[in-house]
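Down below is the structure, laid out as structure tokens.
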Amino acid sequence: MTHILTRRGTLKGIAAGIVSTPAIVRRSLAQSDPLPSLPNLSASDALLLRPGDRSYETYEPASNKRVLLRPKLRALCKTSKAVSVMVQWARSNNLAFALRSGGHSYEGFSQSASVVIDTRLMNHIEFNRRARTMTVGSGATLAPVYEAIGAAGFGFLGGSCPTVGIAGHALGGGFGLIGRRFGLACDSLQWLEVVDPGGAVIVADAQHNPDLFWAARGGGGGSFGAVTKFRFAIYPISRIVVFGVTWTLPQARAVKLFRAWQAWAPQAPSSITTFMRVNGMADGKVELHCAGQSTGSETELRRELRALLDIAQPASALRVRSMSFLAAARYFFGPPEQPTYFKAKSDYVTTPLGEDGAAAFLTELQKIRSVVAICDSYGGAVGRIADSATAFAHRAGTQFCIQYFSEWSDDCESASRLANMRDLYAAMRPYVSGGAYVNYCDLDLGDWAQAYWGSNLPRLRQIKSTFDPDNVFRHAQSVPLL
């Protein structure tokens, strides 16, 4: 069977040639400093691991080796009580700590050299067929979620990387391949359980702590508390149509095709969600791969794709298949992911790239072939919700999101790879909005808070100052206090 090229797997493979909840920084704990007496937690509540312990290395790997840290203590919590105890213990002892639920934080905000409060063992998944909801622990990852609900004929608004944690994904917004039909993952969030800065276990929804509930839908992780449980709406989906098609074109024709995609994809029927992956090739040509999913008919999809196929002849035949939601999710998983070195950046495009902008984009990708770009089409259900309705601010008027991605296997390449990424990013400044996706966190950003949250930043800062005035939950790019 010929597989459609995946988003993350193909992107990483070419670049070689993701959230997790972020770290909370209080004071640095030198590696030689002893830890205070550990909290009294039973084995049914938590597994407390220190370097040298038998299972320590099992839980150490994370997605990005570039930002990996070895904690003095990893508290693998199994209950909300354990998370509460660990937050109170770390706070009372003035210890730096991180929250981890998955391990895909691009800049390692789920890492700490001192203490990590880790919820990966809180990974239960339950769903209610009649209510069309699922309740999941904050340590659940996307593949088991899809397996659990997909077998029953339901879908969820998650991404295509199977090992991403649902917590970081949803708290930062959560774009996926049925997004233009149903919205973002945060749009289906109904309720969450949170350990607050004082260690209390509270809930947030439309009636209880509504400001916190608003902030949890796009404000990112690690700014307000440690989420331990979520309830989401899920959607009955009988069939998904998946597709993929690839072009290998000279620069001028590639520019024409890319501009045709950006004119079509955000305006296409909301049943269709697509991405366009772009990378330069050694022969001076540009490879463009468009793929995605549709909840509509195969006939509709083929008709709509004429907007691209009439522009240029593909390198191979268009591939279209109808399958279940679960099969479609598996189709885009890609190969098993291994920890590696990588760097990503992002842009939101609100005004379609003109001839000059599209040419600059493809020229830079051809010049810096270690970087691959994935463009995710917005519009549809994502844009129908007001920017102010949730903390996620990149909705009405957003055409697409660009993720720039570079991956390498040896740390000695890091300096040059990072420099190449920054050069490409700088070249795009005249053509993009300045917005960025918080789930593609980027420590190079100057005014990162404005880039992530735009017009919603003042309200987020007010909620942060009210809910966590002592800034207990913070990291390098958490929501700042007033």
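The values are calculated or read from the model by the stated rules, or taken from the named source; none is laboratory data. Given the structure is predicted, the values throughout are model-derived calculations rather than measurements. Quick reminder, even Gly has a Cβ in these numbers, built from the backbone with ideal geometry, and neighbours come from all protein chains shown.
Values for this structure:
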| read-out | value |
| --- | --- |
| Filter result for R302 (under 30 Å from K367 (Cβ atoms) and of a type in the set (D, E, K, R)) | no |
| Every residue from segment 122-139 that is within 21 Å of G218 (Cα to Cα) and under 21 Å from the mean Cα position of the chain (by Cα) | M134, T135, V136, G137, S138, G139 |
| Test: residue in segment 295-302 that is assigned by TED's automatic domain parsing to the domain that holds R384, crowded, with 18+ Cβ neighbours inside 10 Å, of a type in the set (S, T, Y) and assigned to a loop (DSSP other than H, G, I, E, B) | yes |
| Test: residue in segment 266-278 that is under 17 Å from A167 (Cβ atoms) and within 23 Å of the chain's Cα centre (by Cα) | no |
| Pair list, Cβ < 6 Å and 6+ apart or interchain, from segment 250-269 residues that are over 25 Å from D283 (Cα atoms) to residues that are surrounded by 16 or more Cβ atoms within 10 Å (Cβ to Cβ) and of a type outside the set (S, T, Y) | P266/G379; P266/Q399; A268/E304 |
| Condition check for A393: crowded, with 17+ Cβ neighbours inside 10 Å, hydrophobic (A, V, I, L, M, F, W, C) and closer than 30 Å to N420 by Cα | yes |
| Tally of residues being farther than 15 Å from P250 by Cβ and surrounded by 15 or more Cβ atoms within 10 Å (Cβ to Cβ) across segment 306-320 | 6 |
| Which numbered condition T274 fails, given (1) of a type in the set (S, T, Y); (2) assigned to a strand (DSSP E or B); (3) surrounded by fewer than 24 Cβ atoms within 10 Å (Cβ to Cβ) | (3) |
| Selected residue (criterion: surrounded by the fewest Cβ atoms within 10 Å (Cβ to Cβ)) from residues of segment 450-469 that are polar (S, T, N, Q) and more than 21 Å from A200 (Cα to Cα) | S455 |
| Residue match in segment 81-93 (condition: in a loop (DSSP other than H, G, I, E, B) and buried (at least 19 other Cβ atoms within 10 Å of the Cβ)) | no |
| Qualifying residue in segment 379-390 (condition: in the same structural domain as V278 (by TED's automatic domain parsing) and on the phi > 0 side of the Ramachandran plot) | yes |
| Count - residues of segment 140-172 that are of a type in the set (G, A, S), under 15 Å from the mean Cα position of the chain (by Cα) and surrounded by 19 or more Cβ atoms within 10 Å (Cβ to Cβ) | 9 |
| Residue within segment 385-397 that is aliphatic (A, V, I, L, M), touching a strand residue (DSSP E or B) at 6+ places or on another chain (Cβ under 6 Å) and in a loop (DSSP other than H, G, I, E, B) present | no |
| Matching residues in segment 322-350 - criterion: being over 19 Å from S297 (Cα atoms), small (G, A, S) and in a loop (DSSP other than H, G, I, E, B) | G334 |
| Cross-chain or 6+ apart pairs with Cβ under 7 Å, segment 399-427 first and acidic (D, E), then buried (at least 23 other Cβ atoms within 10 Å of the Cβ) and at pLDDT 95 or above | E407/F342 |
| So V227, is it surrounded by 23 or more Cβ atoms within 10 Å (Cβ to Cβ), closer than 21 Å to I149 by Cβ and touching a Ser or Thr at 6+ places or on another chain (Cβ under 9 Å) | yes |
| Test: V255 is over 27 Å from C441 (Cα atoms) and buried (at least 22 other Cβ atoms within 10 Å of the Cβ) | yes |
| Lone unmet requirement of (1) touching a helix residue (DSSP H, G or I) at 6+ places or on another chain (Cβ under 9 Å); (2) of a type in the set (D, E); (3) surrounded by fewer than 16 Cβ atoms within 10 Å (Cβ to Cβ) for D447 | (1) |
| Residue that is surrounded by the fewest Cβ atoms within 10 Å (Cβ to Cβ), among those in segment 349-389 that are among the β-branched types (V, I, T) and touching a Gly at 6+ places or on another chain (Cβ under 6 Å) | T350 |
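A quick yes/no check of all residues on (1) more than 23 Å from the chain's Cα centre (by Cα); (2) among the hydrophobic types (A, V, I, L, M, F, W, C); (3) within 16 Å of S478 (Cα to Cα); (4) not assigned by TED's automatic domain parsing to the domain that holds V438:
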residue: K78; (1), (2), (3), (4): yes, no, no, yes
residue: M86; (1), (2), (3), (4): yes, yes, no, yes
residue: S92; (1), (2), (3), (4): yes, no, no, yes
residue: S101; (1), (2), (3), (4): no, no, no, yes
residue: H104; (1), (2), (3), (4): no, no, no, yes
residue: E107; (1), (2), (3), (4): no, no, yes, yes
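Residue-wise test of (1) part of a loop (DSSP other than H, G, I, E, B); (2) surrounded by fewer than 15 Cβ atoms within 10 Å (Cβ to Cβ); (3) among the small types (G, A, S).
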residue: I402; (1), (2), (3): no, no, no
residue: S414; (1), (2), (3): no, no, yes
residue: R417; (1), (2), (3): no, no, no
residue: D423; (1), (2), (3): no, yes, no
residue: A436; (1), (2), (3): yes, no, yes
residue: N471; (1), (2), (3): yes, no, no
residue: H475; (1), (2), (3): yes, no, no
residue: V479; (1), (2), (3): yes, no, no
